[in-house]
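Any read-out appearing in this document is the output of simple, stated calculations on the displayed coordinates, not a laboratory observation. What you see is a predicted model, and the numbers here were worked out from it, not measured in a lab. Cβ: placed from backbone, ideal geometry, glycine included. Neighbour counts: every protein chain shown.
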Amino acid sequence: MSKSIQQIFITEYKVQRRRLAFAEAPRQRKYRLHHDPISAIQALVNEHTEILTILESQALSYQLDN
């Protein structure tokens, strides 16, 4: 049986990797929550804080522009 390596565009590869990572995220979170709950919860808090910071800076930027 002969196997060949396919050539694909790097952008297509990166899109597929992002989709896979997005699809795997819930399973990975559940695994981490069961195996290391303190770190998992801290990671979720950090992620939430980072998102809030970004949203607040965007809102401030929007207010300054208007």
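Scanning for something among the small types (Gly, Ala, Ser), within 16 Å of the chain's Cα centre (by Cα) and part of a helix (DSSP H, G or I), does the stretch 6-21 turn up at least one residue?
Yes: one or more hits.
Listed by first and then second residue, the pairs linking a residue in the stretch 22-50 that is free of Cβ contacts under 8 Å to residues at least 40 places away in the same chain to a residue that is loosely packed, with under 11 Cβ neighbours inside 10 Å, with Cβ atoms under 7 Å apart and 6 or more places separating them unless they lie on different chains, form an empty list.
For the stretch 31-48, the tally of residues that are surrounded by fewer than 10 Cβ atoms within 10 Å (Cβ to Cβ) and of a type outside the set (A, V, I, L, M) stands at 2.
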